Structures are given as structure tokens and as C-alpha cells.
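These notes concern the structure reproduced below.
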Amino acid sequence: MAQADLVLLGGTVVTMDGAGNVYTPGAVAVSGNSIVAVGPEREVVREYQGAEELTCSGCAVIPGLINGHTHAPMTLLRGLANDLRLDVWLVGYMMPAEREFVRPDFCWLGTQLACAEMIQSGVTCFGDMYYFEETVADSAAQAGMRAVCAQSILKFATPDAGSYDQALELTRDFVTRWKGHELITPAVGPHAAYTSTVEMLQDCAQLALAEDVPIHIHIAETAEEVARQRAEYGMPVVPWVKKQGLFGARVTAAHCVHLDEGELYTLLHHDVGVVHSPTSNLKLASGFAPVTRMLELGIPVGIGTDGSASNNDLDILEETRLAALLAKGITGDPTAVSAQQALEMATTMGARALGLDQITGSIEIGKRADLAVIDLNTVHLTPRFDDTASSIYALIVYGAKSADILHVLCHGRWLMRDRQVLTVDTEYARREAQRVANKVSSFIVAREESILSKLLALSDVSQGRAFEVQVKVQLSADDLSSVEDAIESGLLAVVRSSVRRQYDAYLILDDVDHSRIRYREDEVLSSDGEHVESVEYRLTLTGSIREREYDNLVILSQSRYDAPATHSLRFYKEYFDPAQTVEVSKRRRRYHIRFGGTAFALNIDQIIQPSWSTHFLEIKSRTWSSQDAERKAALIGELLHSLALTHMQPVKEEYPDLVLGRVVGAPDSRNES
Ligand SMILES: [Zn+2]
């Protein structure tokens with residue numbers, strides 16, 4: 001009789017091998033890090049005697065479960081910012097918090113917490129993508145878990161790299177040092193198509209090919225991502241990444257929610273593994289991945305929890321159950337994604353999706369000893385029916401909870417015995433995680449108090465503190481033609497001019513400064529005003545802007561914080577959550593003129609929305625000293641005089657104030673022609 005290190009006896013062994021073998025009572029023999037025998041108990045014990053023998057009667061022995069897609073360190077951000085759309089959640093909250101807090105020690109600790117949680121839910125292997133991925137790899141290896149660790153690469157600066165080429169260097173370095181590790185497969189992690197450039201994806205594909213390591217990427221997670229991709233490149237996400245050569249490498253694609261039939265075939269033909277993350281897709285309302293169709297076609301689909309900031313846990317059994325239920329709900333077909341298929345997704349197919357099916361995902365001789373033992377002796381799993389071969393799958397997928405996982409073995413090493421995690425100091429990890437969370441909390445609270453810091457969290461904001469002198473008057477039809485005459489006759493020296501259509505949305509906030517944020521879509525029209533030549537989107541933060549008024553009623557205002565608006569108006573509305581939004585559209589004729597040796601901007605605005613058909617004239621100039629401001633104020637007085645507009649009552653209010661009608665005097669205009 002041969003000697004094995006460990007023999008598991010007496011349980012129901014659910015092998016998940018290709019033939020669907022289940023042995024009751026069955027046994028598994030392990031030597032070193034591998035499975036040396038599996039089968040009916042009497043056959044295995046005839047052949048092997050274990051140095052350790054563990055009786056598993058009343059339990060199911062299953063392959064260690066596979067969490068195909070997560071961001072392990074994000075456990076430390078678990079529960080931060082909920083019930084938000086993906087872009088607001090990601091760009092508005094996660095990324096700013098990550099920029100502030102994500103360091104190697106954060107990633108190491110977050111991974112320890114994640115590993116403890118995953119081990120408790122029977123996971124022995126996970127696919128990860130994050131920053132400082134080497135610390136994730138190190139932490140996972142220390143916890144004794146198998147992982148495919150993808151170093152994130154994005155086209156913009158991240159917590160661990162100032163640019164994508166830096167991230168690529170980091171990845172190259174990580175990959176060369178970790179390749180061949182018994183538990184860790186290093187990988188290249190271009191985050192997503194929408195956070196990549198063409199060159200970046202090409203470089204990632206080349207690196208993965210040259211080093212023979214996999215790629216892990218998010219694909220078509222939201223409909224908005226696909227729409228943007230189509231608008232920008234004239235094709236959806238899958239053909240675009242394919243065009244960059246990505247599928248030359250082995251690819252694991254997370255989400256794949258919004259794919260058409262052609263894209264599914266592309267994934268199939270390039271043997272791309274998909275990881276379905278139903279909780280994350282539901283929580284962020286991203287949509288429903290066509291899992292049933294993928295399985296029909298034969299695409300390997302694994303299951304992932306995604307990061308615990310969008311889930312909020314790493315419970316893979318719950319995820320597996322949800323995958324089965326959701327597929328039925330979506331297709332209206334209760335036979336869609338059977339319990340057995342769901343468990344395959346969490347085991348063999350998950351292993352295939354990660355490219356690890358040669359070594360894990362099923363209980364077969366020669367594979368690594370990655371096993372989980374589920375206690376079936378519980379109230380909620382009683383009674384049991386063994387009437388059909390598939391009963392055991394239904395019992396596990398629809399009935400078992402992660403708390404029923406009793407023991408976990410990975411690579412022949414015990415990670416958990418009798419619910420006690422042996423490889424992670426869970427008390428230490430919990431205590432330290434709370435300490436980090438307290439700091440993150442204070443940071444978010446402080447940021448939420450200031451609109452400016454919320455704005456700064458998003459993008460590069462220019463914070464010029466220049467001042468502006470300006471006057472605005474309402475023009476009657478006669479006034480308008482006299483101003484037009486002055487321009488045409490050359491009385492005003494026009495340096496350059498343009499015609500624009502400006503759609504402004506003012507987000508009026510409830511903060512102490514009564515801040516308002518203007519989202520402007522600025523269309524520059526052709527000189528005949530017929531078609532749009534270019535569009536610019538800008539975001540401007542204004543506080544209480546009026547500083548001083550002069551005798552001739554010119555206002556000196558502090559200029560504002562200005563940034564390119566890289567997201568949609570909908571995004572900013574959800575992110576800043578204004579008390580009120582006011583929309584004003586106008587047609588603007590803008591003239592840059594010189595008067596009295598000084599540059600001024602002169603705007604003739606026709607308000608289109610609301611439909612006032614009213615014209616206003618604005619004269620503005622930037623200024624940098626109060627002396628200069630006074631000189632320019634005097635010049636504006638002279639300019640008004642030469643335009644015969646001195647009789648006009650200046651309008652001191654901004655357009656949104658006029659719309660709101662908060663101000664006495666001005667809104668008379670609304671009743672005029
Ligand atoms: Zn993800």
C-alpha cells in the first residue's frame with residue numbers, strides 16, 4: 001500500500017471532472033501538493049494510507065472554488081460610497097480615495113483581509129487586478145492562495161505609476177520576477193478599453209506575448225462604455241481591442257455585459273475566458289451579461305465577485321447562486337444555467353477562464369490539491385435527496401452558505417481547518433483595516449464639505465485668481481443695431497470674432513458658499529452660423545463672485561476655477577448632487593476688440609432657452625490689480641458712451657439668476673418681445 005500525506009474519507013466527492021463523477025462515499029488522496037487518487041472510498045483506501053486521515057462523513061468534498069475577478073485590496077474600501085452609478089462611484093469616489101491612500105502596505109493588508117474572507121467561502125484561487133500588484137501577490141502567497149495577479153495599467157496616472165509607460169515597466173519587472181512561482185501567475189492588466197490608448201494596448205499585448213503571461217481586462221461593463229467606444233472608434237469594444245492585437249495573448253475578460261453576437265464569436269475563436277460578476281453588475285446597474293448564450297457557444301465563463309467595494313463581499317457561493325438565478329430570471333427559462341453549470345463556472349470553467357485548468361478547478365489525479373469541504377450536516381441543508389445525480393449540485397448551489405465551508409486545502413496545505421483560518425491573522429487584519437477605514441472616512445468627510453475639493457478630486461483644475469471687470473446691459477432692437485453698426489463701421493477695432501452656441505447648465509449647490517458649477521457645451525459655429533466647427537466642454541466653479549462696483553456700474557468679479565469637462569452632465573449632476581439645476585442656452589457673437597489701447601471681450605448674447613428672444617451685451621476684461629481695474633472700468637464707461645448706451649440700466653445679475661427671477665428689475669425682459 002502506498003503512503004499519502006493526506007486522505008479525505010467518507011464524504012461525497014464532487015469531482016467536477018469532465019465525466020461528472022461524484023463518489024459517495026468517496027475519498028481523495030494527496031501527496032505533496034498534488035492529488036494522487038480520487039474515487040470510491042473503498043478503492044482509494046485499498047491503494048493509499050494517509051499520514052493524516054480526515055473523515056468527512058456528511059460533508060461534500062469539492063474542488064477549491066475560483067473567484068475569477070476581484071480587486072483584493074479594495075476590501076479596505078468596502079462599504080464606501082454606495083448606490084451610485086459606475087462612473088460617479090469609480091471616478092468620483094474610488095479613484096480619489098485610491099490616489100490618497102493606496103500604497104504598498106494598503107494593498108498588502110487589503111489582500112490579507114480578502115484572502116481570509118475568500119478562504120472562509122471555500123476559494124483557493126482568484127484572479128486579481130490592482131495597483132502595487134507585487135504586494136498583492138506577496139500577500140496572497142503568504143496566505144497560501146493561488147492567484148493570477150495582474151498589475152493594472154491605465155492611460156492616466158495611478159497610485160503606483162505616473163504614466164502608462166511607467167506602469168508597463170512596473171509590470172515587466174513584476175512579471176519577470178514572479179514568473180514560475182508555484183502559486184502566483186503574474187499578469188498584465190490593462191484596466192479597460194476606455195482607460196487605454198491604442199499604443200498602450202499594443203504594448204500590453206506585446207509584453208504578455210513576449211513573457212508568455214496572461215492579460216486580465218474589463219470588457220464592455222456598461223452600455224455607456226460601448227456607446228462611447230462606438231462614437232470614438234466606430235466599433236464596439238471587442239473588435240477594437242482585437243484590432244490592437246490583444247487576443248494574440250491569453251485573455252481573461254471581466255464582465256462582458258454588453259456584447260453582440262459577433263463579439264461573442266470573436267471571444268470564442270480567440271479562446272478568451274470571461275468572468276461573470278453578477279452582484280457587481282446588479283449593484284452598479286450595469287446590465288446582464290449574456291451568460292446563457294456564452295455557455296451555449298462554449299465560451300469558458302467563470303464567476304467573480306469583483307472588488308468588495310462594488311459587491312460588498314467576496315462570497316463566491318452567493319455569487320454562484322446568483323449567477324444561476326439571474327440567468328433564469330433574464331431568459332424566462334428556469335432550465336438556464338443549471339446548478340451543475342453554475343458550480344462548473346465556479347470551478348473548472350473558472351480555471352479555464354484564468355488559464356489554470358491544467359492544474360486546478362477539478363479533483364483529478366495529477367492536479368494540485370486545491371479542495372474545500374462543505375459541512376452538509378446543517379438545518380438548512382436537511383433533508384437530502386440523492387434521487388438524481390444532480391441533487392448534490394442543487395444542494396450546494398441553492399442551499400449551502402459560505403459559513404458551511406469547514407476546511408480548505410490549497411496546494412496540499414491547509415488554509416482553514418474547522419472554520420479556523422490558519423494562514424492569515426484575521427484579528428490583526430480586521431483591526432488594521434478599521435484603522436485605515438477611519439482615515440479614509442475623515443478624508444471623504446472633509447472632501448464632501450468643500451465643493452472645490454470635490455472638483456479637484458476629479459480633474460486638473462486651473463485655479464487662476466485673476467479678476468474681471470465687466471458690464472452687462474440689455475439691448476433693445478435699436479440698441480442692437482447701433483452696436484452692430486459700430487462693429488461693422490470699424491468704430492470698434494475687432495481683432496477676431498466668433499459665433500457660438502452655448503448650452504450652460506448651472507448646478508446650484510446647497511453649500512455655505514452657495515457655489516455654483518457651470519457645465520458648458522460651447523459650440524463654435526462656422527462664420528455663416530450654419531454648422532458646428534468644434535465643441536468644447538468646460539466646467540467652471542463660481543462662488544460669491546461680486547467684489548466691488550464702480551460709479552459707472554462696472555463689476556469686479558473674482559474669476560473662477562476652471563477645468564475641462566470630461567464627463568457627461570448627468571455624471572456631474574449625480575456627483576455634485578445640486579439643490580437645483582438651471583439651464584440657459586444662448587447664441588453668442590464674441591468679438592475681441594481693442595479700445596483705448598486695451599483688449600476687451602464683447603459678447604452679444606441672444607438667449608434661446610428660456611425663449612426670451614432678448615439680447616444682452618457684455619463687455620469684459622481680465623485684470624490683475626485694483627489700479628488696472630479702475631482704469632479699465634473707466635474705459636468701459638467710455639466705450640458704452642461711444643456706443644450710445646449710457647442710458648441703459650446695467651444688469652448686475654448672471655443669467656441663471658435672471659432665469660430664477662430672484663432679482664428685481666431684470667426679468668421684465670421676459671415679458672417683452
Ligand atoms: Zn473589476
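For helix 223-233, report the angle its Cα long axis makes with the longest principal axis of the Cα atoms of the chain; keep it between 0 and 90° and round to the nearest 10°.
Once rounded, one gets 60 degrees.
Nearest 500 deg cm²/dmol is fine: what mean residue ellipticity at 222 nm does the chain get from its DSSP H runs of n ≥ 4 alone, each adding -39,500 (n - 2.57), divided by its residue count?
Per the formula, -9500 deg cm²/dmol.
Nearest 5 percent is fine: what portion of the DSSP beta bridges confined to the chain is antiparallel?
75 percent
At 4 °C and 1.567 mPa s, what whole-number value in µm²/s does Stokes-Einstein give for the translational diffusion of the chain, with Rh from the Kirkwood sum over Cα pairs?
46 µm²/s
Taking 7 Å along the Cα-to-C-beta vector as the label spot, tell me the H641-S390 distance in nanometres, rounded to one decimal.
9.3 nm
Which order do the peptides 397-403, 119-125 come out in when sorted by mean C-beta neighbours inside 10 angstrom, highest first?
Descending packing order for the listed peptides: 119-125, 397-403.
Return one number: the angle in degrees, 0 to 90 and rounded to the nearest 10, between the long axis of the Cα atoms of helix 316-331 and the longest principal axis of the Cα atoms of the chain.
Compared with the principal axis, the helix lies near 70 degrees.
Between 0 and 90 degrees, rounded to the nearest ten: what's the tilt of helix 104-120 against the longest Cα principal axis of the chain?
Rounded to the nearest ten degrees, it is 50.
Where both residues lie in the stretch 1-159, what percent of DSSP beta bridges are antiparallel, nearest 5?
Counting DSSP beta bridges with both partners in the stretch 1-159, the antiparallel share is about 40 percent.
Pairs of Cα atoms under 8 Å, at least six residues apart: use those to get the relative contact order of the chain, whole percent.
12 percent
What distance in nm lies between label points placed 7 Å from Cα along the C-beta direction at L209 and E449?
Label at L209, label at E449, 5.4 nm between them.
For each cysteine in the chain, check whether another cysteine's C-beta sits under 4.7 Å from its C-beta; list those where none does.
C107, C115, C125, C149, C204, C256, C410
Hey, can you rank 353-363, 626-636, 104-114, 20-30 by average C-beta count inside 10 Å, highest first?
So the order, starting with the most tightly packed, is 104-114, 353-363, 20-30, 626-636.
Rounded, prolate or oblate for the stretch 574-636? Axes are the square roots of the Cα gyration tensor eigenvalues, ordered a ≥ b ≥ c, and the cut-off for rounded is a/c under 1.5.
Oblate shape, in that a/c is at least 1.5 and b/c is the bigger or equal ratio.
Sorted by mean Cβ packing within 10 Å, highest first, what order do the peptides 334-340, 564-570, 9-15 take?
Most protected by this proxy first, the peptides run 9-15, 334-340, 564-570.
Testing the spin-label approximation: label points 7 Å from Cα along Cα→Cβ at E583 and S568. State their distance in nm.
In this crude label model, E583 to S568 measures out at 1.3 nm.
Since every read-out is calculated from the coordinates, none of them should be taken as a lab result. Bear in mind the structure is a predicted one, so any value in this text is a computation, not a measurement. We place every Cβ from the backbone using ideal geometry, glycine too, and count neighbours over all the protein chains shown.
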